[in-house]
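The values are calculated or read from the model by the stated rules, or taken from the named source; none is laboratory data. Just so it is clear, the model here is predicted, and its values are computed rather than measured. Note that we place each Cβ from the backbone using ideal geometry, even for glycine, and neighbour counts take in every protein chain shown.
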Amino acid sequence: MSKRDSYAVRISGLGEGDHDFSFELDRKFFALFERSEIGNGNVHAEVTLEKKQGLLSLHFSLEGKVEVVCDRCLENYFTDITTRQTIFVKLGETQDEIEDDVLIIGRDDHEIEVSQYLYEFIILALPYQKIHPDDAEGNSTCNPEMIKQLNAHRAKEPDTEETIDPRWDALKGIIEKNK
């Protein structure tokens with residue numbers, strides 16, 4: 001029995017209709033994935049298997065918090081995630097994924113391993129830019145020492161009142177003559 005077997009949805013022996021499965025995804029779950037950008041979390045996943053004649057569909061509902069690295073200060077923080085996704089399952093000769101949301105499983109398969117889907121849906125639910133949220137007063141909650149270092153190395157903005165290069169004055173004169 002592999003570590004991922006605990007994240008399988010049983011399909012054999014179930015009648016038509018909806019069947020609910022529940023998973024708690026924590027540090028042990030995220031440790032299953034090499035080079036994961038998430039090291040810790042507490043996500044509750046509900047998976048509903050909708051079984052109809054000749055068609056199965058898996059409806060995923062994930063909600064919780066995951067620990068990510070802040071893009072600005074490089075410290076870990078928890079961010080909320082919420083997502084709902086659906087995968088359609090068809091029966092075939094061999095297991096295959098023909099589209100992002102269509103999976104083919106063998107006719108003799110008794111369960112569907114969903115850990116990879118759970119992980120991918122969590123990754124897709126992460127914000128594009130992972131930055132500590134501001135506090136109630138609108139101030140950054142990032143590491144103040146890192147912000148201080150970033151500001152010290154920030155490129156200086158050009159002074160708008162700086163004198164214009166005299167070579168441009170000559171070009172302006174040509175433009176004015178041609179008007």
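Brief remarks follow.
- The range 21-71, subset among the acidic types (Asp, Glu) and free of Cβ contacts under 8 Å to residues at least 60 places away in the same chain, residue surrounded by the fewest Cβ atoms within 10 Å (Cβ to Cβ): 34
- Just one of (1) out of contact with any Cys (no Cβ under 8 Å at 6 or more places or on another chain); (2) under 30 Å from residue 152 (Cα atoms) fails for residue 72. It is (1).
- Test result for residue 71, over 19 Å from residue 12 (Cα atoms) and out of contact with any strand residue (DSSP E or B) (no Cβ under 7 Å at 6 or more places or on another chain): yes
- Residue check for residue 111: surrounded by fewer than 16 Cβ atoms within 10 Å (Cβ to Cβ) and either closer than 30 Å to residue 148 by Cα or without any contact (Cβ under 8 Å) to a residue 24 or more places away in the chain (or both): no
- Residue within the range 11-27 that is hydroxyl-bearing (Ser, Thr, Tyr) and under 18 Å from residue 121 (Cβ atoms) present: yes
- Applying the criterion of at least 1 residues that are of a type in the set (S, T, N, Q) and modelled with pLDDT of 90 or more to the strands (runs of 3 or more DSSP E) found wholly in the range 76-179 leaves 76-92.
- Each residue in the range 72-88 was checked for being farther than 18 Å from residue 147 by Cα, in contact with a helix residue (DSSP H, G or I) (Cβ under 8 Å, 6 or more places away or on another chain) and surrounded by 15 or more Cβ atoms within 10 Å (Cβ to Cβ), and 4 pass.
- In the range 10-62, residue modelled with the highest pLDDT [restricted to those that are assigned to a loop (DSSP other than H, G, I, E, B), among the small types (Gly, Ala, Ser) and farther than 21 Å from residue 101 by Cα]: 31
- For the residues 85, 129, 116, the requirement of being among the polar types (S, T, N, Q), in contact with a Phe, Trp or Tyr (Cβ under 9 Å, 6 or more places away or on another chain) and farther than 19 Å from residue 31 by Cβ singles out 85.
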